[in-house]
Amino acid sequence: MVKITPKRIKWKLCKLLAKFGLTRNWPQFWLRRCGYSIGYSTGDCYIGEELLIVDDADDEDMVIIEDRVYIAPRVTIVTATHPLHADERLSTDALRGKVVIKKKLG
């Protein structure tokens with residue numbers, strides 16, 4: 001069972017607020033508060049509405065989105081996954097990996 005902590009509540013709330021782009025920089029603002037690195041040099045990136053990042057609240061620095069990156073609406077980024085079968089879940093840890101989306105070259 002997932003332990004509910006203030007950090008997890010903040011993380012969930014920020015991810016929820018990031019889904020709905022009221023302004024151009026709205027998603028970036030809230031996703032940065034979740035601990036994701038997003039367009040820090042110039043801040044020139046676009047994140048479409050309803051971006052879904054599948055990860056764990058305890059995972060830090062698992063998603064890095066550089067400057068000059070444009071993400072379409074309803075994109076899913078997955079950093080952690082679990083086996084589908086229940087018997088495998090008990091004996092296997094989640095698979096985790098960092099996702100880095102590099103800036104457009106040229």
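The values are calculated or read from the model by the stated rules, or taken from the named source; none is laboratory data. Since we're looking at a predicted model, the values are computed, not measured. A quick note on method: Cβ atoms are made from the backbone with ideal geometry, for glycine too, and the neighbour counts reach across all protein chains shown.
Figure legend. Inter-residue proximity from region 1-21: first residues over 30 Å from residue 90 (Cβ atoms), second residues of a type in the set (Lys, Arg) and surrounded by 11 or more Cβ atoms within 10 Å (Cβ to Cβ), beta-carbon distance below 7 Å, spacing 6+ or different chains. Indicated pairs: 14/33. Scanning region 66-106 for residues that are closer than 18 Å to residue 21 by Cβ and of a type in the set (Val, Ile, Thr) yields a total of 6. In region 15-25, the qualifying residues are those that are modelled with pLDDT of 90 or more and hydrophobic (A, V, I, L, M, F, W, C), and the one that is surrounded by the most Cβ atoms within 10 Å (Cβ to Cβ) is 18.
Every test in (1) within 16 Å of the chain's Cα centre (by Cα); (2) more than 20 Å from residue 16 (Cβ to Cβ) is passed by residue 63 save one, and that test is (2).
Tally time: how many residues in region 67-106 are free of Cβ contacts under 8 Å to residues at least 12 places away in the same chain, surrounded by 11 or more Cβ atoms within 10 Å (Cβ to Cβ) and either under 22 Å from the mean Cα position of the chain (by Cα) or within 22 Å of residue 26 (Cβ to Cβ) (or both)? Walk me through it before giving the result.
Here is the first cut: in region 67-106, the residues free of Cβ contacts under 8 Å to residues at least 12 places away in the same chain are 83-93, 105-106.
Those left that are additionally surrounded by 11 or more Cβ atoms within 10 Å (Cβ to Cβ): 83, 89, 92.
Now restrict to residues that are either under 22 Å from the mean Cα position of the chain (by Cα) or within 22 Å of residue 26 (Cβ to Cβ) (or both): 83.
Here the count works out to 1.
Among the residues of region 93-106, those that are at pLDDT below 80 and over 27 Å from residue 10 (Cβ atoms) comprise 104, 105, 106. Just name the residue that is modelled with the lowest pLDDT out of those in region 26-75 that are in contact with a Gly (Cβ under 8 Å, 6 or more places away or on another chain) and of a type in the set (Gly, Ala, Ser). The extreme case among them is 48.
Can you tell me which residue within region 17-29, out of those that are within 18 Å of residue 67 (Cβ to Cβ) and among the aromatic types (Phe, Trp, Tyr), is farthest from the chain's Cα centre (by Cα)? For region 17-29, the residue satisfying everything is 26. Taking the criterion of being over 25 Å from residue 5 (Cα atoms), in a loop (DSSP other than H, G, I, E, B) and not β-branched (Val, Ile, Thr), would at least one residue in region 27-37 satisfy it? Checked against the condition, which is being over 25 Å from residue 5 (Cα atoms), in a loop (DSSP other than H, G, I, E, B) and not β-branched (Val, Ile, Thr), region 27-37 yields no hits at all.
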